[in-house]
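Since every read-out is calculated from the coordinates, none of them should be taken as a lab result. This one's a predicted model, so the numbers in the text were calculated from it and none came from an experiment. Note that each Cβ is placed from the backbone with ideal geometry, even for glycine, and that neighbours are counted across all protein chains shown.
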Amino acid sequence: MSAALNAVCPYFTMYPLDFPLRVLKQYGHRGDWVLDPFCGRGTTNFAARLLEMPSVGVDSSPVAAALAQAKLAFAEPCEVVTAARSILAEADAPCAVPEGEFWRLAYHERTLVQICQLREALMVECRSPAQILLRAILLGALHGPRPKGQPSYLSNQSPRTFAPKPKYAVKFWNERDMRPPEVDLIAIIQTRAERYLSVPPPQVDGQVRLADSREPTTFHDLPPARLVVTSPPYYGMRTYLPDQWLRLWFLGGPDYVEYRYSTQQLKHTGAQHFAHEIGRVWTNVAARTTADARLVVRFGGIHDRDADPMQVLKMSLIGTGWKMVTARAVPDADTGRRQVRQFQTAPRKGITEYDVYCHRT
């Protein structure tokens with residue numbers, strides 16, 4: 001059994017796998033249903049899979065949902081490579097290839113055509129496990145640093161956790177006279193498929209929904225969960241989609257950064273309103289859990305919001321069917337891949353994160 005698949009695509013607000021693993025081992029049993037209403041890239045769902053617990057994940061971000069779906073899929077590496085080869089062998093010229101200086105400098109011309117061919121095919125048909133895993137592998141390889149040896153990403157020099165902003169990237173590449181390499185796309189897919197899938201985790205029941213957890217209908221036909229392990233967006237963090245604009249494009253979005261606010265995202269207009277929005281989710285979750293269910297929430301804050309994260313979370317739980325039992329500070333608050341650190345422009349003391357444990361009322 002391997003945890004390699006959890007790293008199929010980096011996600012800038014991910015929490016470490018050991019958090020849900022620890023909680024599920026402590027409070028759960030094999031066969032217990034697990035629910036994450038803010039599943040992100042599916043870390044809780046993957047932890048449940050490792051422990052042979054069926055799970056459901058929900059997220060309103062297409063990127064998050066696509067990655068989380070891959071965490072529950074099973075296919076051999078050769079099946080993923082075959083799916084990619086078949087698409088490229090049968091594909092006509094893509095209907096649309098993005099143009100402009102950013103795209104010319106971000107990807108080699110022939111590589112971009114192949115990316116577009118795969119994009120268009122997977123937008124039409126992405127239901128088999130091999131296709132779902134291929135899509136996640138491509139999302140993870142879409143942009144990242146250029147190594148000294150064989151290329152492992154498809155792009156010119158870029159961050160790997162969030163998409164480069166076009167104006168800044170063009171300036172960076174031109175100043176350094178950096179041009180995109182032509183890469184062997186199939187070789188990159190094969191290397192990654194073998195890395196993530198050669199030792200598969202157990203096959204366990206589960207599903208991931210692209211939906212809004214504030215809506216009761218999102219949960220209406222789900223099996224009752226005994227454990228809810230999650231980490232909602234921290235108050236003030238609103239750039240999830242713009243920071244993933246290239247991956248959103250690959251999934252069918254526009255070929256430019258779109259800052260328009262999505263109605264399916266939590267509103268950050270005030271701490272009290274934000275708490276009410278999360279509270280709607282806790283109410284919905286309570287209605288789809290067993291009487292002895294536990295809710296465990298990792299929560300913190302960011303520096304540019306004048307609100308105590310624990311007070312925001314406490315407000316969110318009022319009248320939702322959940323009672324907070326205890327809260328434990330997360331050790332090493334300034335280390336690891338924490339949500340708060342992703343938005344700091346200079347080293348600063350982190351706002352303490354907490355793991356909050358709740359029972360049904």
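Odds and ends about this structure:
- Considering only the chain, percent of DSSP beta bridges that pair antiparallel, nearest 5: 45 percent
- Qualifying trypsin sites (Lys or Arg not before Pro) in the range 124-227, DSSP loop, other Cβ atoms within 10 Å at most 10: 127, 148, 176
- When the charge dipole of the range 77-197 is built from unit charges on Cβ atoms (+1 for Lys and Arg, -1 for Asp and Glu) and taken about the Cα centre, the candidate among 84, 180, 162 whose Cα reaches farthest toward its positive end is 162.
- Going from the fewest other Cβ atoms within 10 Å to the most, the residues 218, 230 appear in the order 218, 230.
- Listed residues 204, 63, 229, most fluctuating in the chain (Gaussian network, C-alpha, under 10 Å): 204
- The mean sequence distance of close C-alpha pairs (under 8 Å, at least 6 residues apart), as a share of the length of the chain, puts its relative contact order at 21 percent.
- When the chain is treated as a GNM with alpha-carbon contacts under 10 Å, the residue of 27, 234, 107 showing the greatest mean-square fluctuation is 27.
- FRET efficiency for residue 290 and residue 314, using Cβ-Cβ distance with R0 set to 22 Å, rounded to 0.05: 0.40
- Amide N of the range 162-186 lying under 12 Å from the label point, which is placed 7 angstrom from the Cα of residue 146 along Cα→Cβ: 173-183
- Ranked list, fewest to most other Cβ atoms within 10 Å of each Cβ, for 357, 235, 15: 357, 15, 235
- Within a Gaussian network of the chain (alpha carbon springs, distance under 10 Å), most fluctuating of 293, 225, 93: 93
- Normalised per residue, the volume of the convex hull around the Cα set of the range 77-197 (Å³): 103 Å³
- Residues 123, 53, ranked from the fewest to the most other C-beta atoms within 10 Å, line up as 123, 53.
- Student exercise, the chain dipole from Lys, Arg, Asp, Glu Cβ charges, in Debye to nearest 20: 920 debye
- What separates the Cα centres of the range 53-85 and the range 108-172 is a distance of 16 Å.
- Pairs of lysine residues in the chain that meet both criteria, 8 or more places apart or on different chains and Cα atoms under 25 Å apart, total 9.
- Positive contributions from Lys and Arg (+1) and negative ones from Asp and Glu (-1), summed over other residues with Cβ under 10 Å from the Cβ of residue 322, come out at +3.
- Between residue 30 and residue 124, the simple spin-label model (points 7 angstrom out along Cα→Cβ) gives 4.4 nm.
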